[in-house]
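The numbers here are math on the coordinates, done by the rules we state, and not lab data. Bear in mind that the values here come from a model prediction, so they are computed numbers and not experimental data. Every residue, glycine as well, gets a Cβ built from its backbone with ideal geometry; the counts of neighbours run over all protein chains shown.
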Amino acid sequence: MAPPDVTVRPVAPSDRDAWVEMRAQLWPDHSPEELAREVDSYLSGGALWKYGSLSIPFHALVAEDPAHRLVGFLEVSLRPFADKCRTGPVGYLEGWFVVPARRRQGVGRALVTAGEAWASARGCVEMASDARVGNTVSADSHGALGYQEVERLIHFRRGLPRR
């Protein structure tokens, strides 16, 4: 249930700039132009997420305060599978953000609850998500909603000499 002063609803074209701005705060290592292109693709009916050549069903939600300011967003998809899940498709929390001033007030929970309902209505019986190792805020937030850590993974890279 959303806090009484917040409405959770599907994202609308008029939300574009605020949504892009929040995405840039969540993913500062991505270029603002890339984040904006993804939003524009979604708003124009295009695919935002792909698995190989397949478009993945995707839904974006925002949390809005009484002054019509966006205070958070959730991006959820239906992935064909997810690590340690036994069923498919799996609802997947792709992006989850609440502005700092509204954290720990139920906004994030309301967004995730709405995303879970969207996935459940499409036949999912499991939800999954991820966070970077060391992101304790995200880990704690997921845990507070009943998500269980199932695995940790560190990716490695090594450049090869040019031939």
Distance (nanometres) between label positions extended 7 Å along Cα→Cβ at residue 101 and residue 41: 3.3
Two-site label geometry, residue 67 and residue 163: point separation in nm, points 7 Å out along Cα→Cβ: 6.2
Given (i) 68, 36, 30; (ii) 41, 38, 33; (iii) 60, 35, 30, the label whose value is Cα extents along the principal axes in Å derived from this model: (iii)
Point-charge dipole on Cβ atoms (K/R +1, D/E -1) for segment 1-131, about Cα centre, debye to 20: 400
Residue separation between residue 121 and residue 24 times 0.36 nm, minus their alpha-carbon distance, gives in nm 32.0 nm
